[in-house]
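**Student:** Let me give you the structure first, and then I'll get to my questions.
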Amino acid sequence: MPNSISLKNFDEWISSNNNIEILQIAGYCDSVDTNLYNKKLASKRRIQSVLTLLKSNNCIISNSLIQEVFGEDFNQSKIQAENRKVTFLYRKVDEPIVKTELEIEEKPNVESLAEKIEKERISLLDKFEKANVGDKIVIHNIHFQFNTEIIIPESEPLLEQLLFAMELNPDLEIKVLGHICCNPDPKDTKLSYRRALKIFNYLRDNGIQLRRLAYKGFGSNQPIYPIPEKNEEEKIANRRVEIEIVKK
């Protein structure tokens with residue numbers, strides 16, 4: 001859905017262009033994501049959003065409407081916002097055809113926790129495949145109940161995928177590293193140890209040999225962002241699980 005600025009621009013345009021018929025509509029995207037994904041985004045979100053706006057303003061949609069979608073395969077502007085647009089051909093009833101375009105700045109698409117976990121789950125095996133000995137794989141979305149080592153149920157797919165990675169690679173040896181946020185006391189590592197141990201025990205209890213596993217808790221001694229953190233995003237980044245590759 002377009003944001004408030006785009007909607008204002010659209011309202012100003014539609015108020016001076018009534019009694020029109022839409023003949024062709026095309027959606028364009030920037031180059032941030034893959035071409036296939038961008039085409040779907042242009043088709044499903046931008047075109048449909050604009051069509052809904054046009055219909056709600058009593059524009060006539062041609063029975064032979066032509067819809068086109070473009071991902072990265074058009075002459076891209078260096079200004080990404082200019083690439084997020086919809087163009088359409090229209091005519092005022094009984095008048096010549098006119099082409100216009102509407103730049104679309106969408107409302108932020110906030111991912112749910114389930115979406116973040118699923119995206120990370122899908123990418124996890126590839127990270128293990130590409131990692132070298134000594135590398136640390138950060139798992140962002142293994143979340144725990146507040147001030148405990150109890151893993152929330154939503155994060156269990158990531159544990160299962162970690163276990164699967166260990167099963168797929170019988171020579172793989174790892175160390176589970178626990179980090180917490182917000183705590184200014186560098187000596188207080190107990191919670192991070194318990195959380196790392198929780199993951200260690202999960203892998204052990206599901207058949208991974210002890211010789212392939214180790215764990216350690218660092219408390220808040222290795223923050224990505226300085227403590228105290230400035231916002232929730234920095235806190236999330238600091239309280240993380242890392243998997244160090246010991247042997248492959």
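Every read-out reported here was derived from the displayed coordinates using simple, explicitly stated rules and does not represent laboratory data. Keep in mind it's a predicted model, so treat the numbers as computed, not measured. We place every Cβ from the backbone using ideal geometry, glycine too, and count neighbours over all the protein chains shown.
**Student:** Quick one: if you stick a label point 7 Å off each Cα along the C-beta vector at I66 and E129, how many nm between them?
**Tutor:** 4.1
**Student:** Kindly write out, for segment 111-126 in residue order, the coupling ³J(HN,Hα) from the Karplus curve 6.51 cos²θ - 1.76 cosθ + 1.60 (θ = phi - 60°), rounded to whole Hz, with x marking Gly and Pro.
**Tutor:** 6, 6, 4, 4, 5, 4, 5, 5, 4, 5, 4, 4, 7, 5, 4, 5
**Student:** S112 to F164: extension gain in nm, 0.36 nm per residue of separation minus the Cα-Cα distance?
**Tutor:** Stretched out fully, the S112 to F164 stretch lengthens by 16.3 nm.
**Student:** While we're on this one: Using a 7 Å offset from Cα along Cα-Cβ at W13, what residues in segment 54-69 end up with backbone N under 17 Å from the label point?
**Tutor:** 54-62, 66-69
**Student:** Could you list the residues of segment 122-147 with an amide nitrogen less than 20 Å from a label point located 7 Å from the Cα of N201 in the Cα-to-C-beta direction?
**Tutor:** 142-147
**Student:** Can you tell me the order of 60-67, 48-55, 155-162, 236-243 when each peptide is scored by its average per-residue count of other Cβ atoms within 10 angstrom, highest first? Write down the numbers at each step before the final one.
**Tutor:** On the way: 60-67: 12.0, 48-55: 17.0, 155-162: 18.5, 236-243: 20.5.
Peptide ranking by packing, descending: 236-243, 155-162, 48-55, 60-67.
**Student:** Something else about it: Can you work out the Karplus-derived ³J(HN,Hα) for every residue in segment 190-202? Use 6.51 cos²θ - 1.76 cosθ + 1.60 with θ = phi - 60°, whole Hz, and x for glycine or proline.
**Tutor:** Values per residue, Gly and Pro as x: 4, 5, 5, 5, 5, 5, 5, 5, 4, 6, 3, 5, 4 Hz.
**Student:** Here's something else I'd like to know. Which entries in K190/K230; K119/K187; K85/K230; K187/K247; K187/K230; K8/K230 show an alpha-carbon gap greater than 31 Å?
**Tutor:** Among K190/K230; K119/K187; K85/K230; K187/K247; K187/K230; K8/K230, the Cα-Cα distance tops 31 Å for K119/K187; K85/K230; K8/K230.
**Student:** Once phi is turned into θ = phi - 60°, what whole-Hz ³J(HN,Hα) does the Karplus curve with 6.51, -1.76 and 1.60 give for every residue of segment 156-173, x standing for Gly and Pro?
**Tutor:** Coupling constants for segment 156-173: 4, x, 6, 5, 5, 6, 4, 4, 4, 4, 5, 5, 5, 10, x, 8, 6, 10 Hz.
**Student:** Can you find, among L210, L177, I199, the residue sitting farthest towards the positive end of the charge dipole of segment 176-248, where Lys and Arg contribute +1 and Asp and Glu -1 at Cβ?
**Tutor:** L210
**Student:** Still on this model: Once you list every other residue whose beta carbon is under 14 Å from the beta carbon of E242, what net charge do they have if Lys and Arg are +1 and Asp and Glu are -1?
**Tutor:** In short, +4.
**Student:** Once fully extended, how much extra length lies between Y225 and K92, figured as 0.36 nm per residue of separation less the alpha-carbon to alpha-carbon distance?
**Tutor:** 42.2 nm
**Student:** Same structure, new question: In whole percent, what relative contact order does segment 181-233 give with Cα contacts below 8 Å and a gap of six or more residues?
**Tutor:** 56 percent.
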